[in-house]
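Take a look at the structure below.
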Amino acid sequence: MGSRDFAQLADYIFEYAGIRMPPSKRTMLEGRLRRRQRALGLDTLEAYCRHVLTGNNLDREGVHLINAVTTNKTDFFREPVHFDFLRDVALPALEANYLRKIRAWSVACSTGPEPYTMAMLLDEFASARRGVTYSVLATDLDTEVLEIARLGIYPSDLAAPVPAASRKKYLMESRDPARGEVRMVPELRRAIAFARLNLMDECYPVGEPMHLIFCRNVLIYFDKPTQHSVVSKLVGKLAPGGYLFLGHSESIAGLDLPLVPVAHTVFQRS
């Protein structure tokens, strides 16, 4: 990939998705785009760049280009301290304020382990309390991972962090042991709505305010102005007293927002 092609693609990726693509990521970008090159029957990466960057092809290819460059690292109960806080502190605090319908949002859900983990804890909490209900919205920019998330089928080893009791209640083992797969139970799948959402959009059409927002390991891909813009819009969708969870390596220091830190990378809207 030539320097000019890389610069044009990097500009498009930043403008569309807010993802920084410095020259040090050129090799990574080349590797990820080769699959799209082959899928389109093009002989070289240079031919792919010509295809994307000329005419109106970017309008059609843009979603696949963005799918190719997004990072989709995810696990069940990833960064488990957050889920301990959710179970032991956040949910009891919301209940103490007489909240009966809990709305949660997994902002960058990837293939789905995060929102399914959230749903497991919310379901356990709601099941033990009469009249308490919950819903989970799971969004991502990548259409391919959203399809995987909707199916809720995973390799058994990926589900290893799920506690035994939750695994028995919420995961169905494949009838064919050789497949080595599990699937989320229908009740949990029905509790989650999956949708594509671009954090660069002017507004986030997610309905009523959320009480729990997980936006973890996303801000690290953005520059400071984009981080501020994204978090400000997320806070605008967070109910007073609601909780925002960020990744353990992320910070909102220096941003003027109505958030109070209550645990490491956990904030409550004031």
Amide H contacts under 5 Å for Leu238, placed H, 5+ residues apart:
Met210
What are the extents of the Cα atoms of the stretch 6-121 along their three principal axes, listed from largest to smallest and rounded to whole Å?
60, 25, 24
Identify which of Leu40, Leu255, Leu188 has the largest mean-square fluctuation in a Gaussian network model of the chain, with springs joining Cα atoms closer than 10 Å.
Leu40
Do me a favour and compute the ellipsoid semi-axes for the stretch 170-270 from its Cα gyration tensor, root of five times each eigenvalue, largest one first, whole Å.
32, 16, 15
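Please identify the trypsin sites (Lys or Arg not before Pro) of the stretch 86-187 that satisfy two criteria: DSSP loop assignment and at most 15 other Cβ atoms within 10 Å. Which are they? Mind dumping the intermediate values first?
Values: sites: Arg87, Arg100, Lys101, Arg103, Arg129, Arg130, Arg150, Arg167, Lys168, Lys169, Arg175, Arg179, Arg183; in loops: Arg100, Arg129, Arg130, Arg175.
Of the trypsin sites (Lys or Arg not before Pro), the ones in loops of the stretch 86-187 whose Cβ has at most 15 other Cβ atoms within 10 Å are Arg100, Arg129, Arg130, Arg175.
Rank these for me by crowding, Ser106, Ser135, Ser174, going from fewest to most other beta carbons within 10 Å. Before the final figure, lay out each step's value.
Details: Ser106 29, Ser135 18, Ser174 13.
If I rank by nearby Cβ atoms, fewest first, I get Ser174, Ser135, Ser106.
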Euclidean distance of C-alpha centroids, the stretch 1-26 and the stretch 175-189, integer Å:
39 Å
Using Stokes-Einstein with the Kirkwood hydrodynamic radius over Cα pairs, what translational diffusion coefficient do you get for the stretch 128-222 at 10 °C and a viscosity of 1.306 mPa s, in µm²/s rounded to a whole number?
101 µm²/s
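Where does each of Val69, Val262, Val132 land when they are ranked from fewest to most other beta-carbon atoms within 10 angstrom?
The most exposed by this proxy come first: Val262, Val132, Val69.
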How big is the gap, in Å, between the Cα center of the stretch 151-165 and the Cα center of the stretch 53-104?
18 Å
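Using only the Cα atoms of the stretch 1-69, what semi-axes does the equivalent ellipsoid have when each is the square root of 5 times a gyration tensor eigenvalue? Give whole Å, largest first. If you can, show how the numbers build up before the last one.
Details: eigenvalues 54, 37, 25 Å².
Working through the eigenvalues yields semi-axes of 16, 14, 11 Å.
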Among Ala126, Ala47, Ala178, which one shows the biggest mean-square fluctuation in a GNM of the chain, springs joining Cα atoms closer than 10 Å?
Ala178
Quotient of Cα radius of gyration and Kirkwood radius for the stretch 107-181, i.e. Rg/Rh, equals 1.00
Working only with C-alpha atoms, what are the Rg and Dmax values of the chain, expressed in angstrom?
20.0, 62
Within a Cβ distance under 13 Å of His211, other residues only, what is the Lys/Arg minus Asp/Glu net charge?
+3
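All of the numbers you see were taken from the coordinates with simple rules; none came from a lab. Bear in mind that the values here come from a model prediction, so they are computed numbers and not experimental data. Please note: Cβ atoms are built from the backbone with ideal geometry, for glycine as well, and neighbour counts cover all protein chains shown.
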